[in-house]
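A quick write-up on the structure given underneath.
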Amino acid sequence: KQEVTQIPAALSVPEGENLVLNCSFTDSAIYNLQWFRQDPGKGLTSLLLIQSSQREQTSGRLNASLDKSSGRSTLYIAASQPGDSATYLCAVMGTGANSKLTFGKGITLSVRP
Amino acid sequence: KAGVTQTPRYLIKTRGQQVTLSCSPISGHRSVSWYQQTPGQGLQFLFEYFSETQRNKGNFPGRFSGRQFSNSRSEMNVSTLELGDSALYLCASSLLISVPRELFFGEGSRLTVL
């Protein structure tokens with residue numbers, strides 16, 4: 001059974017800091033990995049998707065990496081801003097008949113002005 | 001291009017009642033998935049539909065059911081509501097069931113069971 005872990009559960013940083021959010025998963029047989037952002041009371045916004053054959057993806061100030069063999073992914077946020085404050089969720093999609101997303105519990109990020 | 005639309009956004013029910021939630025996927029998307037989000041359990045997979053067929057089902061009791069229509073719109077139903085069913089129910093759509101299989105989520109339907 002796939003398990004996804006995100007530690008720590010909460011993080012507070014000053015504005016302008018570069019930061020890394022970690023995600024680990026137990027089963028390396030994944031189809032892809034997605035990072036999402038969730039604002040309070042809202043749905044999920046897709047940030048980046050990494051296919052199982054890829055090592056990283058970049059979008060603006062965000063960079064996500066994937067190391068399937070070690071079961072790890074990181075989301076790098078450059079020059080953090082107060083508007084980046086949200087919960088960041090990592091999710092892995094299984095292969096074949098198990099093509100569902102398994103989510104971590106998320107990391108609640110607070111960027112202080 | 002409109003995103004995933006879920007209705008209603010908020011609803012309050014009492015124990016024993018039933019509820020139906022609706023999801024309209026992004027135009028052209030044929031796969032619809034449903035997830036339940038609670039503070040304790042986080043996000044959990046309910047089921048997935050593609051071309052009106054259920055492809056996958058999570059570990060939820062039979063009180064949770066769903067269907068997909070020919071226009072790809074989907075509904076989920078919860079019968080005999082329990083207090084523990086209070087949650088944010090999220091619907092996601094994707095264009096294909098193959099590469100890249102990116103899921104796009106709606107704003108959710110927040111259900112409160114009293």
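Does B:N56 count as touching a strand residue (DSSP E or B) at 6+ places or on another chain (Cβ under 6 Å) and polar (S, T, N, Q)? Give the steps one after another, and end with the answer.
On the way: touching a strand residue (DSSP E or B) at 6+ places or on another chain (Cβ under 6 Å): yes; polar (S, T, N, Q): yes.
Answer is yes for this residue.
Condition test on B:L111, is it surrounded by 15 or more Cβ atoms within 10 Å (Cβ to Cβ) and either under 18 Å from A:G94 (Cβ atoms) or out of contact with any strand residue (DSSP E or B) (no Cβ under 9 Å at 6 or more places or on another chain) (or both)? Full working, then the answer.
On the way: surrounded by 15 or more Cβ atoms within 10 Å (Cβ to Cβ): yes; either under 18 Å from A:G94 (Cβ atoms) or out of contact with any strand residue (DSSP E or B) (no Cβ under 9 Å at 6 or more places or on another chain) (or both): no.
The answer is no for B:L111.
Scanning the stretch A:36-71 for residues that are of a type in the set (A, V, I, L, M) and more than 14 Å from chain B (Cβ to nearest Cβ) returns a single hit, A:L62.
Do we find that A:Y31 is within 14 Å of the chain's Cα centre (by Cα) and among the hydroxyl-bearing types (S, T, Y) in this structure? So A:Y31 fails the test.
Across the stretch A:48-71, what is the number of residues that are surrounded by 17 or more Cβ atoms within 10 Å (Cβ to Cβ) and outside any strand (DSSP E or B)? So the count comes out to 2.
When A:T5, A:T26 are screened for being of a type in the set (V, I, T) and away from every other protein chain (no Cβ under 13 Å), only A:T26 passes. Looking across the stretch A:77-104, not a single residue is without any contact (Cβ under 8 Å) to a residue 12 or more places away in the chain and assigned to a strand (DSSP E or B). Quick check on this structure: which one of A:T74, A:T108 is out of contact with any Asp or Glu (no Cβ under 8 Å at 6 or more places or on another chain), outside any loop (DSSP other than H, G, I, E, B), away from chain B (no Cβ under 14 Å) and among the polar types (S, T, N, Q)? Criteria check complete, one pass: A:T74. Any residue at all in the stretch A:79-94 that's at the interface with chain B (Cβ under 10 Å from one of its Cβ atoms) and either modelled with pLDDT under 95 or in contact with a Cys (Cβ under 8 Å, 6 or more places away or on another chain) (or both)? Yes: one or more hits.
Inspection of the stretch B:14-31 finds a residue satisfying the criterion of being at pLDDT below 95 and within 13 Å of the chain's Cα centre (by Cα).
The values are calculated or read from the model by the stated rules, or taken from the named source; none is laboratory data. The structure presented is a predicted model; accordingly, all values stated were derived computationally and were not measured. When we count neighbours, we look across all protein chains shown, and the Cβ atoms used for this are built from the backbone with ideal geometry, even at glycine.
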